[in-house]
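Colleague: Have a look at this one.
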Amino acid sequence: MPELPEVETVRRGLAPVMEGARIVRVEQRRANLRIPFPERFVERLEGATVTALSRRAKYLLLDLSTSEVLIAHLGMSGSFRIHLPEAEVLPGEFHIPRDRSAAHDHVVFHLEGPGAPAGTTVTYNDPRRFGFMDLIGREGLATHPSLAGLGIEPLGNALSADLLARLFRNKAAPLKAALLDQRLVAGLGNIYVCEALWRAKLAPTLPAGETVTGAGRPTKKLAMLAAAIREVLEEAVAAGGSSLRDHRRTDGELGYFQHSFAVYDREGEACARPSCSGAVGRIVQSGRSTFFCPVCQT
């Protein structure tokens, strides 16, 4: 599933085209994705202007001039393509073929606006149909089932060692499970948690509460973890996302952060830390593969 950096990359790619644009026409080509489309989906969108495009955790939020918000989740294989009047924007060489089948193009937005000359479309393609779209009044956004109870955003200054100490104090759950708990930190996923834990030299199996002192203060390693989380996410966003499996940037270009992975999907390879003689191992936690170095992550 695309993680926070991938979704943020999609947001940044869509914003210049969609923000300020009027939705002239919508093609809804099926009744449902993971869940049914909301009632009168096309009717409620057509004629509306996209006033802002933001992100909450792994969800894209399109504020509309109608006081409603379009919530979009990419699921496992969802992606958006931008088609400009002269051509589809697809620069770059592709290692994994991009899905172009009209059978998987489920929603097409026809736009006109400052960054969307007449003829511009944004197409949502989703072969596995695990994504979804919903429409809700802005006043109900905080209580929407997908957004209610989400924790802090890990990008920016909100994430700090002191905050993690408050969240992790007295928690017996493994550190990796605590970081993946969306009620604590919103948007973190398997890939970047593995990478951040490696950078901070912390074992994924370590009880989260052991990173906090008896007085409730963060240990030095927890401070390193907070910094590592911010760094790995910022680097991944700058690189355009990881492009694992089905993910692509909105301009069709592959992201290249995957070339910087230290442990993820590198089972059996030498640890990337120059001072370490270990090899990357893999264990399964809560049904997910965890990649780590058993020598330097303690």
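Colleague: Tell me the residue from LEU70, LEU111, LEU60 that is part of a strand (DSSP E or B), more than 30 Å from LEU150 (Cα to Cα), of a type in the set (A, V, I, L, M, F, W, C) and modelled with pLDDT of 95 or more, please.
Modeller: On inspection, the qualifying residue turns out to be LEU111.
Colleague: Quick one: PHE132 ticks every box in (1) over 21 Å from ALA57 (Cβ atoms); (2) at pLDDT 95 or above bar one, so which box is it?
Modeller: If we test PHE132 against (1) over 21 Å from ALA57 (Cβ atoms); (2) at pLDDT 95 or above, just (1) comes out false.
Colleague: Among ALA172, ALA118, which is over 30 Å from LEU225 (Cβ atoms), among the hydrophobic types (A, V, I, L, M, F, W, C) and either at pLDDT below 95 or in contact with a helix residue (DSSP H, G or I) (Cβ under 9 Å, 6 or more places away or on another chain) (or both)?
Modeller: Sole residue among the options that is over 30 Å from LEU225 (Cβ atoms), among the hydrophobic types (A, V, I, L, M, F, W, C) and either at pLDDT below 95 or in contact with a helix residue (DSSP H, G or I) (Cβ under 9 Å, 6 or more places away or on another chain) (or both): ALA118.
Colleague: Does the range 22-43 contain at least one residue that is in a loop (DSSP other than H, G, I, E, B), at pLDDT 95 or above, in contact with a strand residue (DSSP E or B) (Cβ under 6 Å, 6 or more places away or on another chain) and closer than 25 Å to PRO114 by Cβ?
Modeller: Checked against the condition, which is being in a loop (DSSP other than H, G, I, E, B), at pLDDT 95 or above, in contact with a strand residue (DSSP E or B) (Cβ under 6 Å, 6 or more places away or on another chain) and closer than 25 Å to PRO114 by Cβ, the range 22-43 yields no hits at all.
Colleague: Being β-branched (Val, Ile, Thr) and either in contact (Cβ under 8 Å) with a residue 60 or more places away in the chain or surrounded by 15 or more Cβ atoms within 10 Å (Cβ to Cβ) (or both) is the filter here, so list the residues in the range 277-294 that pass it. Talk me through it step by step, then tell me what you get.
Modeller: First, the residues of the range 277-294 that are β-branched (Val, Ile, Thr): 280, 283-284, 290.
Passing the criteria: VAL280, ILE283, THR290.
Colleague: In the range 141-154, is there at least one residue being in contact (Cβ under 8 Å) with a residue 24 or more places away in the chain and over 18 Å from the mean Cα position of the chain (by Cα)? Steps first, please.
Modeller: First pass over the range 141-154, keeping only residues in contact (Cβ under 8 Å) with a residue 24 or more places away in the chain: 141, 144, 146-147, 149-154.
From what's left, over 18 Å from the mean Cα position of the chain (by Cα): 141, 144.
Yes: one or more hits.
Colleague: Suppose we filter LEU14, LEU84 for residues that are surrounded by fewer than 18 Cβ atoms within 10 Å (Cβ to Cβ) and farther than 23 Å from GLY149 by Cβ; which single one remains?
Modeller: LEU84
Colleague: ASP162 passes all but one of (1) of a type in the set (D, E, K, R); (2) modelled with pLDDT of 95 or more; (3) crowded, with 19+ Cβ neighbours inside 10 Å; which number fails?
Modeller: It is condition (3) that ASP162 fails.
Colleague: Return yes or no: is ILE152 of a type in the set (A, V, I, L, M) and assigned by TED's automatic domain parsing to the domain that holds LEU33?
Modeller: So ILE152 fails the test.
The values are calculated or read from the model by the stated rules, or taken from the named source; none is laboratory data. Computed from a prediction, not measured in an experiment: that's the story for all the values here. In this analysis, Cβ positions are derived from the backbone assuming ideal geometry, glycine residues included, and neighbour counts consider all displayed protein chains.
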